[in-house]
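Below you'll find the structure, written out as C-alpha cells, and then a few comments.
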Amino acid sequence: MRISPALDPIAGSSPLPVGQLPRWAAGSSSAQRVQRYSGFRPEVQGLRAVAVVLVVLYHVFMGRVSGGVDIFLFISAFFMTLSFVRKLEGGRPLALGRYWLHTFKRLLPLATVVILATLFLVWWLYPAQDVADFRFQGVASILYFENWTLAFNAVDYYAADHSSASPFQHFWSLSVQGQVFLLWPLIFGLAWLVKRRTGHSSVPVLAACFGLVFASSLAFSVLSTAAHQEFAYFDTRARLWEFALGSLVALAIPYVKLPRAVRLVLGWGGLVSMVSVGILVDVQGAFPGWIALWPLLSAAAIIVAGQSGSALGLDRFLSWAPVVKLGDAAYALYLVHWPLLITYLVVRDRPVAGPRSGVVIVVVSVLLALLLTKLVENPLKRWKWPEAKNWRLALVIVVCMGTVLVAAGTWSVVERHRTAQLQAQAELNNPGARVLEPGYAFAGDPDAPALPASMKDQWVGLPQACDGEYKSANKKAQGFCRQTEKVENPTKVVAVVGNSHMEQYMGAVIPVAQEENWQLISVLQPGCGFGVEGQSSTCKDGNEAAMDYLRELKPDAVLTTSTRAELTDGPAERVVSGLDALTRELTAQGTTVVGFRDNPRLDFDPTRCVAEKGRDDESCRVSADAVLAAENPAQSLDSIPGFAGIDPTPLICPQGVCAPVIGNVALWIDSHHLTWEYTRTMAPLLRDQLVAAVGTGATG
C-alpha cells in the first residue's frame with residue numbers, strides 16, 4: 001500500500017509491488033502478513049477520493065456534514081499502523097523523532113499556503129468584527145489546536161454570534177489528526193520496548209493498547225456527546241476511538257481472508273452505507289458518539305473487501321485512474337473547498353450556495369486542488385534537500401509555522417496601532433450616547449471609522465474574584481463572583497446580579513461607581529434572569545446561591561435587569577420570572593433593588609448588517625415597538641418600597657428606533673448584547689438617575 005503523504009507521511013523508500021517481500025521480512029510471519037497487504041492499493045486511494053467528495057458535496061449543496069471527515073481520521077490511523085507494524089515486525093528502528101519531523105514537513109507547506117491565502121481573503125472581504133477572531137484561528141490552525149479553539153467557542157456563551165462560519169473551521173479535523181500523529185507513535189514505541197524484551201510479536205500488544213483506547217474513548221465520546229455535544233464534536237479525547245478503530249482494522253486485515261462473493265458484497269454495501277449516513281443522520285448534531293461507527297464501519301468494509309479480482313467489484317471503480325488521481329489530491333481539496341465556500345457566502349450574503357454557484361465552487365475547488373497538488377505538494381514531497389538531515393526537516397517546519405505567525409502577528413500589531421490611534425481621537429470622533437444630550441454639537445471628523453474596531457474585547461467584566469470580606473461562603477456563588485479592586489471606605493456596596501444583559505449594562509455602571517466611590521461586586525450567570533420561581537434548574541440553583549451571598553453580604557443596593565425581552569412574532573416583554581419575590585426579600589433587609597429594563601433582542605446582528613449594507617440602510621434598524629412592550633412591564637414593581645426602575649431604552653432606541661450606530665459607536669456585539677464601547681458612553685446620561693436610585697430607592 002502506498003502511504004498517502006497527505007494524511008500519513010512516513011519516511012521511507014518507494015513501495016514494493018504487492019506480494020513481494022523485502023529481505024527484512026524473511027523470518028517473520030507477522031511481517032510477511034503485513035507486507036502482503038502492503039504496496040500500492042489504488043482502491044484505498046479511491047476511497048479517500050470518495051470520502052473527500054462526500055465532504056465537499058454535503059458542505060456545498062446540503063449544508064450538512066457527511067461523516068467523510070471521520071473516514072479520513074480512520075484511514076490515517078490505518079495507514080500509520082501498517083507502516084509502523086512493518087518496522088516493528090521487521091526489526092527496523094522506529095526513528096520516532098524523524099517520523100514526527102517528516103510528517104509535519106509533509107503536511108505543513110500546503111496548509112501554510114492555504115492559511116495565508118485565507119488570511120488574505122479575511123483581510124480583504126470579511127466583516128471587520130470577524131477579523132480578529134479569524135486571524136487567531138489561522139494561528140490556531142497552523143499550530144494544530146484549532147479544534148480546541150472551536151470547542152471552547154462552541155460552549156462559550158460570550159462568543160460572538162457570527163452569522164457565517166469560520167473559514168478555518170475545517171482545520172479542526174487536521175488539528176485532531178496532528179495531535180494523534182504526535183501521540184500514536186508513543187504507543188508504537190511501547191510495543192517496541194515489549195518486543196525487545198520478550199521477543200514476541202508486537203501485534204498483540206498493539207491490539208491491547210488500541211483496544212483499550214477504543215473502548216475508553218468511545219465510552220467517553222458517548223457520554224460527552226450526550227452531555228455537551230457542541231464541545232465533544234471538536235474534542236480530541238472523544239475522537240481517539242475513531243483512530244483506534246483504524247489501527248485495529250490495520251492489525252486485523254493481514255489475517256483476514258474472505259471469498260470473492262463476500263468481498264463484492266462488503267465493497268458495494270460499504271459504499272452505499274457510507275454515502276447514505278449523511279442523508280439519514282444529523283452528523284454534526286449526533287457525532288462523535290456511537291452513531292459515528294456507521295461511516296467508519298462502512299469504510300472498514302470497503303478496505304476489507306480490498307481487491308476482489310472481479311469486474312463487478314467496487315475496487316474496479318475505486319481503482320479507476322481519475323478517481324485515484326482525485327484521491328492523490330484529497331488533502332488539497334479538503335483544504336481549499338471550505339474557505340472558498342465560506343468566502344462566497346460572505347461576499348454574496350447568502351446562507352447557502354445555490355445549485356449553479358455550488359457547481360462552480362466544486363469545480364473551482366477541484367481544479368485548484370489539482371493545481372496545488374501538482375505545483376506545491378508533489379514537488380515538496382520530491383524535494384531531497386530536507387530529507388538529508390533532521391535539522392533541515394525541522395527548519396521547513398519552523399519556516400512554515402513562522403511564516404503564518406509573523407504574518408498574523410504583524411497584522412495584529414498594525415491593527416492595535418490603528419485602534420490606539422482611533423481611541424486617541426475617540427472623545428472627539430466617537431461620542432456615542434453623548435450625542436443624545438440636549439444641545440450636543442458634533443465637532444469631530446464625520447468620516448472617522450466607527451468604534452469598536454473589533455468585538456473581541458467588548459464584554460464587560462470586573463477585574464478580580466471576590467476576596468476578603470467580599471468572598472462568599474457559598475462555593476457556587478463564589479464561582480461566579482467578581483469585584484472591582486477593594487475600595488477604602490466605600491460610600492456604597494453595590495452588587496450586580498442577573499444575566500449577561502445586566503453584565504453589559506455594567507459598562508455604564510462602572511464609571512459611575514468609580515466617581516461615587518462605590519465597591520462594585522457582580523454575581524452573574526449567562527442566560528439567567530434574577531429569580532427563583534419559573535426558572536430552569538440551573539438558573540434556580542445559581543440564583544439561590546446568589547441570594548445566600550446577598551443575605552450574607554447585605555449590600556446597599558442590588559442592580560439587575562427587571563424585564564426580559566423575547567423574540568417572537570411581536571413584542572413579548574415581561575417581568576423576570578421570580579424577581580418580585582426576591583425584590584421583596586432584599587428590600588425587607590434594607591437593600592435597594594434597582595431594576596434596569598432589558599435591552600431589545602433582535603433577529604439579526606445590526607453591526608454585521610452595517611458592515612454589509614452601510615449604516616444608512618433602513619434594514620439595519622428596527623422599531624422599538626416591534627421588539628419591546630409599549631410600556632415598561634417592570635412598572636408593576638414600583639409599588640414595592642425600596643425598588644427603583646431605570647429604563648435605558650431612549651439611549652438604545654432613541655426616538656423609538658433601535659439603531660446600529662449612535663454617535664459613531666456601534667451598539668451591538670451581536671443580535672442582543674451591547675458593546676462595552678457604547679455602554680460606557682451611556683454613563684454620563686444615566687449617572688444622576690442611577691445615583692438617586694442607589695441612594696434613596698426612589699425612581700429618578
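Mind listing whichever residues of the range 377-388 are in contact with a helix residue (DSSP H, G or I) (Cβ under 9 Å, 6 or more places away or on another chain) and without any contact (Cβ under 8 Å) to a residue 60 or more places away in the chain?
Restricting attention to the range 377-388, the residues satisfying the condition of being in contact with a helix residue (DSSP H, G or I) (Cβ under 9 Å, 6 or more places away or on another chain) are 377-378, 380-381, 383, 385-387.
The answer is Asn378, Trp383, Trp385.
Quick grid of which residues meet (1) farther than 18 Å from Ser141 by Cβ; (2) out of contact with any helix residue (DSSP H, G or I) (no Cβ under 6 Å at 6 or more places or on another chain):
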residue: Tyr331; (1), (2): no, yes
residue: Trp338; (1), (2): no, yes
residue: Leu345; (1), (2): yes, yes
residue: Asp349; (1), (2): yes, no
residue: Val352; (1), (2): yes, yes
residue: Arg356; (1), (2): yes, yes
residue: Val366; (1), (2): yes, yes
residue: Leu371; (1), (2): yes, yes
residue: Leu375; (1), (2): yes, yes
Just wondering, is there one or more residues in the range 549-570 that are open to solvent by 50 Å² or more (accessible area, probe 1.4 Å), under 22 Å from Cys658 (Cα atoms) and in contact with a Gly (Cβ under 6 Å, 6 or more places away or on another chain)?
yes
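Of all the residues that make up the range 487-544, how many are among the charged types (D, E, K, R) and either within 25 Å of Thr649 (Cβ to Cβ) or surrounded by 18 or more Cβ atoms within 10 Å (Cβ to Cβ) (or both)? Steps first, please.
Of the residues in the range 487-544, the ones among the charged types (D, E, K, R) are 488, 492, 503, 515-516, 533, 540-541, 544.
So of that shortlist, the ones also either within 25 Å of Thr649 (Cβ to Cβ) or surrounded by 18 or more Cβ atoms within 10 Å (Cβ to Cβ) (or both) come out as 492, 503, 515-516.
The total comes to 4.
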Only residues in the range 515-526 that are under 12 Å from Val494 (Cβ atoms) and assigned to a loop (DSSP other than H, G, I, E, B) count as the first member; pair them with residues that are of a type in the set (A, V, I, L, M, F, W, C) and open to solvent by 10 Å² or more (accessible area, probe 1.4 Å), Cβ under 7 angstrom, at least 6 apart or cross-chain, and list the lot.
Asn517/Val487
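Does Ala659 satisfy the condition of being aliphatic (A, V, I, L, M), open to solvent by 20 Å² or more (accessible area, probe 1.4 Å) and at pLDDT below 95?
No: the conditions fail for Ala659.
So, in the range 646-699, how many residues would count as being of a type in the set (S, T, N, Q) and outside any helix (DSSP H, G or I)?
So in the range 646-699, the residues of a type in the set (S, T, N, Q) come out as 649, 655, 664, 671, 675, 679, 681, 689, 696, 699.
Among the residues that remain, those that are also outside any helix (DSSP H, G or I) are: 664, 671, 675, 699.
Residues that pass the stated criteria total 4.
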Test Val304 against the criterion of being over 24 Å from Ile361 (Cβ atoms), in contact with a helix residue (DSSP H, G or I) (Cβ under 8 Å, 6 or more places away or on another chain) and part of a helix (DSSP H, G or I), and give yes or no.
yes
Given the criteria open to solvent by 10 Å² or more (accessible area, probe 1.4 Å) and assigned to a helix (DSSP H, G or I), does Ala630 qualify?
no
Is there any pair linking a residue in the range 392-411 that is under 19 Å from Trp123 (Cβ atoms) to one that is among the charged types (D, E, K, R) and open to solvent by less than 40 Å² (accessible area, probe 1.4 Å), with Cβ under 9 Å and at least six apart or on different chains, and which?
Ala408/Arg135; Trp411/Arg135
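Take the residues in the range 436-474 that are part of a helix (DSSP H, G or I) and in contact (Cβ under 8 Å) with a residue 24 or more places away in the chain; name whichever of them is farthest from Gln525 (Cα to Cα).
Leu436
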Would you confirm whether or not the range 58-69 contains a residue that is at pLDDT below 95, open to solvent by less than 10 Å² (accessible area, probe 1.4 Å) and assigned to a helix (DSSP H, G or I)?
yes
Being outside any helix (DSSP H, G or I) and loosely packed, with under 14 Cβ neighbours inside 10 Å is the filter here; which residues of the range 200-225 pass it?
His200
Output yes when any residue across the range 314-330 is open to solvent by less than 10 Å² (accessible area, probe 1.4 Å), closer than 30 Å to Leu125 by Cα and part of a helix (DSSP H, G or I), and no when none is.
yes
Tell me, please, whether a residue that is surrounded by fewer than 22 Cβ atoms within 10 Å (Cβ to Cβ), small (Gly, Ala, Ser), in contact with a helix residue (DSSP H, G or I) (Cβ under 7 Å, 6 or more places away or on another chain) and under 30 Å from Ser454 (Cα atoms) can be found in the range 649-656.
yes
Count, please, the residues in the range 414-438 that happen to be open to solvent by less than 80 Å² (accessible area, probe 1.4 Å) and over 13 Å from Ser454 (Cβ atoms).
11
Of the conditions (1) open to solvent by less than 100 Å² (accessible area, probe 1.4 Å); (2) closer than 27 Å to Gly327 by Cβ, the single one that Arg382 does not satisfy is (1)
Taking the range 491-514, which residues are over 36 Å from the mean Cα position of the chain (by Cα) and either hydroxyl-bearing (Ser, Thr, Tyr) or at pLDDT below 95 (or both)?
Thr491
Index of the failed condition, Glu573 passing every other in (1) over 20 Å from Trp676 (Cα atoms); (2) modelled with pLDDT of 95 or more; (3) not in a helix (DSSP H, G or I)
(2)
From the list Arg680, Arg621, which one is closer than 24 Å to Pro511 by Cβ, touching a residue at least 12 places away in the same chain (Cβ under 8 Å) and open to solvent by 30 Å² or more (accessible area, probe 1.4 Å)?
Arg680
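The values are calculated or read from the model by the stated rules, or taken from the named source; none is laboratory data. The structure displayed is predicted, hence computed values, not measured ones. Positions of Cβ are backbone-derived with ideal geometry, glycine not excepted, and every protein chain shown enters the neighbour counts. Each accessible area value is taken on the protein alone, full model and side chains, heavy atoms only, with ligands, DNA and RNA left out. Shrake-Rupley method; radii C 1.70, N 1.55, O 1.52, S 1.80 Å.
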